[in-house]
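One structure below.
The values are calculated or read from the model by the stated rules, or taken from the named source; none is laboratory data. Keep in mind the model is a prediction, meaning the values are calculated, not measured. Note that we place each Cβ from the backbone using ideal geometry, even for glycine, and neighbour counts take in every protein chain shown.
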Amino acid sequence: MNIMRLFIKKVRMNTYNPDTNESFDFWINGVLQSKKEIEILDNLPYDLRNKENKEIECLLFMVINPLPIEDTAEEELTTLIFDGLYLGEYNLPEKWVIPNLFKIKYDDTDIFHAVQVDNDIFIIAPRNLEYYSVKKGEKFTFEAILFELWAWEQI
């Protein structure tokens, strides 16, 4: 099973509630093992500012545009385009515990699916593939709308 590794380039604080200043979320600029740069939302927040210029192991959730690329006008494609291998239902390694916030946000399910892009594995919600005709083990092209940090540990 592949371990997702991420090199953290930069972490920016983002005020979640500007009126109270009580809660924050963060944007992480990271580099995947494939050398692709992505921006990741840390909304729990873990606050990884002290991990800049370091590598971590992590569990990343990816929101896929529910409309296949071929059904989307080119000018509407504004985020990263990936070619990935659909892995189907995915059993998370035992060390990763999905926070309840995400279970509730994504249909309160314990069943997630995964997509492998190069050496990186991303968790996805099955509902994002409703309009795709992809089957387990097939490659497909998709637009990644958002990445979220679900869990992490130091290497």
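Here are a few things to note about the model shown:
- Criterion: among the charged types (D, E, K, R) and in contact (Cβ under 8 Å) with a residue 12 or more places away in the chain - qualifying residue of Glu74, Glu70, Glu89, Glu94: Glu89
- Residue satisfying all of: in the range 18-52; out of contact with any strand residue (DSSP E or B) (no Cβ under 7 Å at 6 or more places or on another chain) and farther than 27 Å from Thr78 by Cβ; modelled with the lowest pLDDT among these: Ser23
- Strands (runs of 3 or more DSSP E) (entirely within the range 61-155) containing at least 3 residues that are among the β-branched types (Val, Ile, Thr) and under 24 Å from Leu48 (Cα atoms): 120-124
- In the set Ile104, Ile111, Ile98, Ile123, only one residue is at pLDDT below 85 and within 12 Å of Trp150 (Cβ to Cβ); that residue is Ile98.
- Near pairs, Cβ below 8 angstrom, 6+ apart or cross-chain, from the range 125-148 (among the β-branched types (Val, Ile, Thr)) to any residue that is in a helix (DSSP H, G or I): Thr141/Ile69
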